[in-house]
Structures are given as C-alpha cells and as structure tokens.
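The values are calculated or read from the model by the stated rules, or taken from the named source; none is laboratory data. Model, not experiment: these values are computed from the prediction. Here Cβ is always computed from backbone atoms with ideal geometry, including for glycine, and neighbour counts include all displayed protein chains.
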Amino acid sequence: MMGEVSVCKIFTFDSAHQLVGHKGKCSNLHGHTYKLEVVLKGKPLVGEGHSDEGFVIDFSDIKATVQESLLDHLDHAFLAMGNEPVLETLVNTGSKVALLSFRTTVENMSAYIAYRLKQASLPLYSVKLWETPTSWAEVLAADIPDEGPSYRLYGGCDCE
Ligand SMILES: Nc1nc2c(c(=O)[nH]1)N=C([C@H](O)[C@H](O)COP(=O)(O)OP(=O)(O)OP(=O)(O)O)CN2
Ligand SMILES: [Zn+2]
C-alpha cells in the first residue's frame, strides 16, 4: 500500500527436535540455532513530538512481543510433536519441552510462528525461519488462514 514501509527484527533461539520417521539424519535427536526474521509492514507514525514518530513500530516493542509470545516458550526447549521416544523422559526429568503437536519441520515451524505473531496483534508481513545457515522457510502472514496453519495436528499445543 502507498506509504507503507517494511521493518525487520532478527532473533535467534536454540532448540532441539527429532523428525521421527525421516529417511535421513534428521530422525536423530539434534539441535539448531534457529534464526528468525520477523518482517512487519505499515505506515510510519505521523505525530509531532510522539515517541514513535517516524516508526512503523518501535524495535524494542517488537522484541518484547516476540520474546513473550514465542521465544520464552521455544528457546532451549525440546520442540515436540508428541511421538518422540525421548519425550516421556524429558518431561519426567523436568527438561523444558514445547509441545507443539505438529511435525517440527522448518515449514511447519515458520507457519506456527507467523500464526502466533498474528495472534499477538503485530502488523506482520512475513516470517523467515533459518533452520541452518543454508536452509530456511518463509511464510507470508496473508497466507495463514484465520483458523490457523494447515499442518496436521496430533494433539493439543501447550502454548495456548
Ligand atoms: N524441507 C525440509 N527438509 C528438511 C528439514 C525441514 O524442516 N524441511 N529438516 C531437516 C533437518 O531437521 C535439518 O534441518 C537438516 O537440514 P539440512 O539442510 O540437510 O542440514 P545440513 O546441516 O546437512 O546442511 P548443509 O548445509 O547441507 O550441510 C532435513 N531436511
Ligand atoms: Zn533439524
């Protein structure tokens, strides 16, 4: 739209996961330092003397919202679909688990993140999630259905 500007804030978080049934090495329990690019879009505020004049949104407000609505839950957690053999042990020994109930591919993770950030009322344009330095997935906010992402859910999410 005329006059709109995109702004981006970048985050990293560390998580473990296991793609049960994968034909290759990702069937093993392993971890990633994920890089998350959150792109917001809007018209910069016009308001003389306002703290946010010229901002689409203050970067520090983006940081606080993404931290609270997402990263506190995912960082240093085991990202679980629910079918991982190690899950019961992790839960019983008090390890941090984010029970997501979908297969934790980077495609599904990026759709989940976009949905959560839309729910947090950010003027989201897109998210790009880097799983490794050479592999990423991107989801546009406009492509997330109102009722949530189209991945298959295997149970309830512990994040609602
Ligand atoms: N389309 C997808 N393919 C793969 C996913 C995924 O989420 N979506 N995930 C994995 C593994 O979890 C893991 O990310 C390994 O990815 P890969 O790029 O193969 O990792 P490498 O370290 O081998 O990367 P190189 O840079 O090629 O060394 C697998 N596939
Ligand atoms: Zn992986």
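Of note:
- All positions within segment 26-38 that are farther than 17 Å from Leu79 by Cβ, surrounded by fewer than 18 Cβ atoms within 10 Å (Cβ to Cβ) and either of a type in the set (A, V, I, L, M) or near ligand 1 (Cβ under 10 Å from one of its atoms) (or both): none
- Failed item, numbered, when Gly49 is tested on (1) free of Cβ contacts under 8 Å to residues at least 24 places away in the same chain; (2) assigned to a loop (DSSP other than H, G, I, E, B); (3) within 18 Å of Ile113 (Cβ to Cβ): (3)
- Note on segment 108-126: among residues that are surrounded by fewer than 17 Cβ atoms within 10 Å (Cβ to Cβ) and polar (S, T, N, Q), the one that is farthest from ligand 2 (Cβ to nearest atom) is Ser121.
- Breaking point among (1) modelled with pLDDT of 95 or more; (2) touching a helix residue (DSSP H, G or I) at 6+ places or on another chain (Cβ under 9 Å); (3) more than 13 Å from ligand 2 (Cβ to nearest atom), for Leu129: (3)
- Against the conditions (1) surrounded by fewer than 16 Cβ atoms within 10 Å (Cβ to Cβ); (2) among the β-branched types (Val, Ile, Thr); (3) part of a loop (DSSP other than H, G, I, E, B), Thr12 satisfies every one except (3).
- Sub-8 Å Cβ pairs linking a first residue in segment 134-148 that is closer than 10 Å to Ser110 by Cα to a second residue that is of a type in the set (Phe, Trp, Tyr) and surrounded by 12 or more Cβ atoms within 10 Å (Cβ to Cβ), at least 6 apart or interchain, are Trp136/Trp130; Leu140/Tyr125, ordered by first then second residue.
- Residue match in segment 98-107 (condition: within 22 Å of Thr33 (Cα to Cα), in contact with a helix residue (DSSP H, G or I) (Cβ under 8 Å, 6 or more places away or on another chain), of a type in the set (Val, Ile, Thr) and crowded, with 16+ Cβ neighbours inside 10 Å): no
- Residues that are within 30 Å of Val97 (Cβ to Cβ) and either surrounded by 13 or more Cβ atoms within 10 Å (Cβ to Cβ) or in contact with a His (Cβ under 7 Å, 6 or more places away or on another chain) (or both), drawn from segment 40-71: Leu40, Asp61, Ile62, Lys63, Thr65, Val66, Gln67, Ser69, Leu70, Leu71
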